[in-house]
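Beneath this line is the structure, given in structure tokens, with notes to follow.
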Amino acid sequence: MEKFIRILGSRALGTLRTMGKMVIFLAESLYLIVVPPFKFRYLFRQIRFFGTKSLMVILLTGAFTGMVLAIQLFYTLRKFGSDALLGPAVALALIRELGPVLSALMITGRAGSSLTAEIGIMRISEQIDALTTMALNPLRYLSVPNILAAVIAFPLLAAVYDVIGIYGGYLVGVKLLGMSSGTYFSQMEHFVEMSDIRMGIYKSVSFGVIVSWVSCFKGFYTNESGYGAEGVSKSTTEAVVMASVLILIWDYFIGSVLV
């Protein structure tokens, strides 16, 4: 029993220590954002990394999400005689919930994993140590541009996801199921409010911080996960899993507060 308690306590202390390091990592990164000099060249490069290179997967998943959503909602709403509300139902589901969450999860799998592996390789090849030796703060080059780029790119990609998803629902509802296009869009105009759009923006911005923060942290401390290629692969897996879980947890909390 004593051994079990000792193991449990050790793991709890390790978890608290990691959480503290993550909070300090984020706080220092946010502080460096407002402290000159700022590396705009790295920011533009990372906006392209998070945004442009993720556009194709956002277009594909957004279109098919809207199509599937329209099919499922149409047959559900028709049972209650409310199939005319298909447009607002698709729009609200995408704008408030599915757009920010699913786009963030897709970017986590595509960009977050790549970012963790890139910074992890810099750690095991001692490039980060070289920056520290030259009296340069590695967070200014590795963390700050990524957090800012994610904050800019995530809401834009979520907006693209929403628009493509709404038109995907239009293709299914109007072209396949025979709804009136005027009904689809006019009802949407009446039911979708600015507060719904703001909700999606708040979620996307916070998800951008979460994904970039976790990815940079796990890559920066790759040496604590293991050595060599094994450490990079382990830290990459941990980053994707942790970021995905935190996105879903934070989605619930921000939704319950701002609902």
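The values are calculated or read from the model by the stated rules, or taken from the named source; none is laboratory data. Since this is a predicted model, take the numbers as computed values, not measurements. Don't worry about glycine lacking a Cβ; one is built from the backbone with ideal geometry, like all the others, and counts go over all protein chains shown.
Numbers for the structure displayed
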item	result
Failed condition for PHE4, given (1) surrounded by 10 or more Cβ atoms within 10 Å (Cβ to Cβ); (2) in a helix (DSSP H, G or I)	(1)
Meets criteria (out of contact with any helix residue (DSSP H, G or I) (no Cβ under 7 Å at 6 or more places or on another chain) and not hydrophobic (A, V, I, L, M, F, W, C)) for GLY178	yes
Test result for ILE201, of a type in the set (A, V, I, L, M), surrounded by 15 or more Cβ atoms within 10 Å (Cβ to Cβ) and under 17 Å from ASN146 (Cα atoms)	no
Some residue of segment 218-237 being closer than 29 Å to LEU92 by Cα, touching a residue at least 60 places away in the same chain (Cβ under 8 Å) and of a type in the set (S, T, N, Q)	no
Which numbered condition TYR184 fails, given (1) under 25 Å from LEU92 (Cβ atoms); (2) surrounded by 14 or more Cβ atoms within 10 Å (Cβ to Cβ); (3) at pLDDT 90 or above	(3)
